[in-house]
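The values are calculated or read from the model by the stated rules, or taken from the named source; none is laboratory data. The shown structure was predicted, so the numbers you read here are calculated from the model rather than taken from an experiment. Don't worry about glycine lacking a Cβ; one is built from the backbone with ideal geometry, like all the others, and counts go over all protein chains shown. The area values use the complete protein model at the heavy-atom level, side chains included, leaving out ligands, DNA and RNA. Shrake-Rupley method; radii C 1.70, N 1.55, O 1.52, S 1.80 Å.
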Amino acid sequence: DLVATEDVDLSLAGALTVSDADIAHMPATHLESSLSVTVTADSGTVGLTTTVPGCYITSSGGWGKSTSLSFMASLSVVQKTLDQPVYLGCADGDTDDVLTVTVGDEGTFGAGGAMSTVLAVPIAITGVNDAPRATQPTKFNKDKTEEGLDLPSGFENFVVYEVDEGLDDLVKFTMTVS
């Protein structure tokens with residue numbers, strides 16, 4: 001299991017390794033054949049910290065962070081690439097996540113056609129104390145000379161909440177109008 005801190009990148013260097021038993025039996029001319037790799041976060045994002053020569057990104061997220069990172073490379077380059085990724089959980093999220101790694105040999109190693117394997121890696125997210133937030137959907141100005149204050153429609157949606165507790169928990173606040 002991996003452990004990440006809320007809102008902080010987690011380096012995956014050394015956490016993931018790939019091997020293929022058929023490679024030991026392959027002629028040297030086949031050792032540069034490609035493996036396909038997909039790393040997917042259930043709710044967070046993954047991305048690479050740097051480019052790796054010989055690694056061909058096949059996912060739409062490219063080198064940047066997205067929910068899924070897919071690439072093709074030789075086994076040696078795959079391992080170098082797997083030392084680069086970082087994981088980042090959802091903003092202000094402190095619920096655990098799962099990183100799914102799928103590796104396929106594209107049928108270039110051994111008999112039996114294309115073979116693949118899937119590994120699910122749990123990530124425990126350690127929460128941090130976030131500051132409360134306040135939102136107001138409507139801005140308004142009221143002439144100071146009028147008596148009373150009629151709040152416009154929609155102002156009843158003024159919300160103050162504690163990110164760490166959720167919208168269902170009571171948060172005490174005071175609002176002063178002057």
For the range 67-97, which positions are open to solvent by 30 Å² or more (accessible area, probe 1.4 Å) and within 18 Å of Thr17 (Cβ to Cβ)? Met72, Leu75, Ser76, Gln79, Lys80, Asp83, Gln84
Residue check, Ser70 of a type in the set (Gly, Ala, Ser) and part of a loop (DSSP other than H, G, I, E, B): no
Please go through the range 117-135 and pick out each residue that is modelled with pLDDT of 90 or more and open to solvent by 80 Å² or more (accessible area, probe 1.4 Å). Thr117, Val118, Leu119
